[in-house]
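Encoded as structure tokens, the structure appears first; notes follow it.
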Amino acid sequence: MLEINPQQKNVLKAIKQIKDDIKKSTSSMKQKAESKQAKKTAIQKTDEELMIEEICREATNSQQTKQIHNAQMVSSVSASTPTTPTLPQCSLMTNNLKWLMLQPLKVEILSVDPFIVIYHQTLHSKQMEQLKEFIVEKDDDAVEEGSLQLTKIGEKKMRQINEKLHFVTGHGREAFQGLRWQWNRYNFEKIMEVDMTTVSSVYRQAGMLFNLQQPLLGGSVIFPQLQLSINLPQGSLLYWSTLNEFAAQDYRSIYHICPVIGGSQITATTYIKAQQQRQQQQ
């Protein structure tokens, strides 16, 4: 029809409409395909990621249940009746040190293989408040990991705490010389997923972590391969071994920090390097 009458308006209009419909249909199909692929990519997670999320949910539910139980206990007890806080089942240890005879360590063993333990009330409230005063935001161009850092005065106070920690953990003083802590803040405003740690090439013997500030809800420390979740009390030190019986890095010792739902959390993490074992391997 166009060959007979190229200027026929109805035919030209119909051809334009058909082309527009084809273009819209192609664009719509492409958008649907991209949306479907994006949803599929977002949904796909590894078995380990799904397991970590499940452990974090269980840890958070446990925190909520404990808080509700404590609130009910407080409301059911009269104001005149003195109450004592519920403490975990701990063993008292002195490590054969005279200065620990009057104030022994409160040790809670969570796992034997790998060795995971909590040294309760390692830092007292005054030490924690002093450290908080000397924590500042890290510069954007800083090379070291962690979102926070200590001032010079804070580093001096942390070295004094390290002197105590080497007695607590049983490591030699040389293991704590030049020990660097990584400081991080987690809160609800800072959108975050589970903090995924990775196996480092650095030869590590043990890891340590403590909460300088405990969140209201969330922020549990978990070891996925052990199905272990830990709601670490403020001022307590979490210690875990990172080597297996063959003196190789133990995959089970990889930990993760769950998202913080309420409040704010400040954590400090460090690793003790196995210098002697590493030199033997070399």
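The values are calculated or read from the model by the stated rules, or taken from the named source; none is laboratory data. As the structure is a computational prediction, the values presented were derived from the model and not from experiment. Neighbour counts are summed over all protein chains in view; Cβ atoms, including those assigned to glycine, are modelled from backbone coordinates with ideal geometry. Please note that ligands, DNA and RNA were not included when accessible areas were found on the heavy atoms of the full protein model with its side chains. Shrake-Rupley method; radii C 1.70, N 1.55, O 1.52, S 1.80 Å.
Hey, can you tell me all the residues within region 49-58 that are open to solvent by less than 60 Å² (accessible area, probe 1.4 Å), touching a strand residue (DSSP E or B) at 6+ places or on another chain (Cβ under 8 Å) and more than 12 Å from Ile261 (Cα to Cα)?
Ile52, Ile55, listed by residue number.
Could you list, in sequence order, the residues of region 150-173 that are open to solvent by 60 Å² or more (accessible area, probe 1.4 Å) and modelled with pLDDT of 85 or more?
Hits for region 150-173 are Lys152, Ile153, Lys156, Arg159, Gln160.
Can you tell me how many residues within region 233-274 are surrounded by fewer than 16 Cβ atoms within 10 Å (Cβ to Cβ) and of a type in the set (Asp, Glu)?
Going through region 233-274 one residue at a time, the tally reaches 1.
Hey, among the residues in region 216-232 that are under 14 Å from the mean Cα position of the chain (by Cα), outside any loop (DSSP other than H, G, I, E, B) and in contact (Cβ under 8 Å) with a residue 40 or more places away in the chain, which one's surrounded by the fewest Cβ atoms within 10 Å (Cβ to Cβ)?
Of region 216-232, the ones under 14 Å from the mean Cα position of the chain (by Cα) are 217-224, 228-232.
Now drop any that are not outside any loop (DSSP other than H, G, I, E, B), which leaves 217-218, 221-224, 228-230.
Still in the list and also in contact (Cβ under 8 Å) with a residue 40 or more places away in the chain: 217-218, 222-224, 228-230.
Details: Leu217: 16, Gly218: 22, Ile222: 22, Phe223: 20, Pro224: 21, Leu228: 18, Ser229: 20, Ile230: 19.
If we take residues in region 216-232 being under 14 Å from the mean Cα position of the chain (by Cα), outside any loop (DSSP other than H, G, I, E, B) and in contact (Cβ under 8 Å) with a residue 40 or more places away in the chain, then Leu217 is surrounded by the fewest Cβ atoms within 10 Å (Cβ to Cβ).
Among (1) part of a loop (DSSP other than H, G, I, E, B); (2) within 13 Å of Ile116 (Cβ to Cβ), there is one condition Trp240 misses while meeting the rest; what is its number?
Condition not satisfied by Trp240: (1).
As an exercise: evaluate Thr46 against (1) exposed (fewer than 10 other Cβ atoms within 10 Å of the Cβ); (2) of a type in the set (Ser, Thr, Tyr); (3) at pLDDT below 75 and give the number of the one condition it does not meet.
(3)
Mind counting the residues in region 125-149 that are loosely packed, with under 10 Cβ neighbours inside 10 Å and either under 15 Å from Arg180 (Cβ atoms) or at pLDDT 85 or above (or both)?
Here is the first cut: in region 125-149, the ones loosely packed, with under 10 Cβ neighbours inside 10 Å are 126, 139-141, 143-144.
Right, trim to either under 15 Å from Arg180 (Cβ atoms) or at pLDDT 85 or above (or both) and you get 126, 143-144.
Qualifying residue count for the region: 3.
How many of the residues in region 104-124 are within 19 Å of Ser253 (Cβ to Cβ) and touching a residue at least 40 places away in the same chain (Cβ under 8 Å)?
Restricting attention to region 104-124, the residues satisfying the condition of being within 19 Å of Ser253 (Cβ to Cβ) are 107-119.
Restricting the remaining residues to those that are touching a residue at least 40 places away in the same chain (Cβ under 8 Å) gives 110-111, 114-119.
So the answer is 8.
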